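Heads up, the thing below is written out as structure tokens.
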Amino acid sequence: MLPTPDTSHVDYDQIYEPAEDSYLLLDTLSSPSETAFLHSHFRSNHAPLVVEVGTGSGVVLAFLAANSSAIFNRFICTLGTDLNRRACIAASKTVQKACDNKAAPFLTVANADLTSALKDREVDVLVFNPPYVPAELPDLSLHARYNTADATMSSSEAFDRDSHLLALSYAGGVDGMEVTERLLDDVPRVLSQRGVAYVLFCAQNKPEEIKSRIRQWPGGWEAETVGSSGKKAGWEKLCIVRITRTTAN
């Protein structure tokens, strides 16, 4: 079993704490079937660019960076994005601690909204653990204030700030899909020709319907479930869907 990265430095009052969804991603991406797929899919000498959108604590990105040899059979280049500036700082530290002195190229965690900081067709592996809870989206008109350090805030203002930052990580809007829909809309733009996206869904997101829609995207696409939380019942049952071009090379 590959080690889980240390996140003891992370302030969970402001940043999403690794939970079942995070560990399902780790288990899926390091499973024998998925590592076999990734070894075969990335056979060229070109190191794949692996991007986690919405890094939170950085546990998933750090896991992939530190265990790139086992998971990808090669070094990878890693990059993350998160709308929460504090998460960017924490995730960067998580990756650096996990990699220690290993020669695993790590770029940065960009303080950005979803894929807005990513260039066209340059991402080889995209990983997204979205805010999937059916809850009202946080008010982004307040984000600029809450996203910056402010030691002058009262205790009540600091509580509101922390609540806002945490809501970014779990509140998914109607059916828990508003943020994920935005991400899915941009997958064809950011993925390279050989690109692979891993996106987590809960049962209420209706993943079977989403997979059918993805298969109808222009240009030829495949979507299949490669991991799940097993027999757990209810809307919180989770699955990981792998998205690829059918013309990947």
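Restricting segment 193-215 to residues that are assigned to a strand (DSSP E or B) and open to solvent by less than 10 Å² (accessible area, probe 1.4 Å), the residue that is modelled with the lowest pLDDT is C202.
Among the criteria (1) open to solvent by less than 50 Å² (accessible area, probe 1.4 Å); (2) of a type outside the set (S, T, N, Q); (3) part of a loop (DSSP other than H, G, I, E, B); (4) within 30 Å of Q204 (Cα to Cα), the one E136 does not fulfil is (1). Screening P188 on (1) free of Cβ contacts under 8 Å to residues at least 40 places away in the same chain; (2) exposed (fewer than 13 other Cβ atoms within 10 Å of the Cβ) shows it passes everything except condition (2).
When each of K237, K231 is tested for being within 19 Å of the chain's Cα centre (by Cα), open to solvent by 60 Å² or more (accessible area, probe 1.4 Å) and modelled with pLDDT under 95, the lone residue that passes is K237. The single condition among (1) modelled with pLDDT of 95 or more; (2) over 29 Å from A171 (Cα atoms) that T55 does not meet is (2). With the structure loaded, tell me whether L118 is surrounded by 15 or more Cβ atoms within 10 Å (Cβ to Cβ), touching a Lys or Arg at 6+ places or on another chain (Cβ under 9 Å) and touching a residue at least 60 places away in the same chain (Cβ under 8 Å) or whether it fails that test. So L118 fits the description; yes. Is there a residue being in contact (Cβ under 8 Å) with a residue 24 or more places away in the chain, within 19 Å of G80 (Cβ to Cβ) and in a helix (DSSP H, G or I) anywhere in segment 38-52? Looking for residues that are in contact (Cβ under 8 Å) with a residue 24 or more places away in the chain, within 19 Å of G80 (Cβ to Cβ) and in a helix (DSSP H, G or I), one finds at least one in segment 38-52, hence yes.
With respect to the conditions (1) modelled with pLDDT of 95 or more; (2) farther than 27 Å from C239 by Cβ, L168 lacks only one, and its number is (2). Applying the condition of being in a loop (DSSP other than H, G, I, E, B) and among the polar types (S, T, N, Q) to segment 139-168 and asking which residue is least open to solvent (accessible area, probe 1.4 Å) yields N147.
Exactly one residue out of F63, F75 is under 16 Å from the mean Cα position of the chain (by Cα) and among the aromatic types (F, W, Y), and it is F63.
Is it true that T78 is hydroxyl-bearing (S, T, Y), out of contact with any Gly (no Cβ under 9 Å at 6 or more places or on another chain) and either within 16 Å of A65 (Cβ to Cβ) or in a loop (DSSP other than H, G, I, E, B) (or both)? Considered against the rule, which asks whether it is hydroxyl-bearing (S, T, Y), out of contact with any Gly (no Cβ under 9 Å at 6 or more places or on another chain) and either within 16 Å of A65 (Cβ to Cβ) or in a loop (DSSP other than H, G, I, E, B) (or both), T78 comes out as yes. The set of residues from segment 98-133 being assigned to a loop (DSSP other than H, G, I, E, B) and of a type in the set (D, E, K, R) comprises D100, K102, D113, K119, D120, R121, E122.
A Cβ distance below 7 Å, combined with a sequence gap of six or more or placement on separate chains, defines the contacts here; from segment 70-93, residues that are open to solvent by 30 Å² or more (accessible area, probe 1.4 Å) reach residues that are aromatic (F, W, Y) and assigned to a loop (DSSP other than H, G, I, E, B) in the pairs R74/F42.
The values are calculated or read from the model by the stated rules, or taken from the named source; none is laboratory data. Since this is a predicted model, take the numbers as computed values, not measurements. Cβ atoms come from the backbone with ideal geometry, glycine included; neighbour counts cover every protein chain shown. Keep in mind that these areas ignore ligands, DNA and RNA; they rest on the heavy atoms of the full protein, side chains included. Shrake-Rupley method; radii C 1.70, N 1.55, O 1.52, S 1.80 Å.
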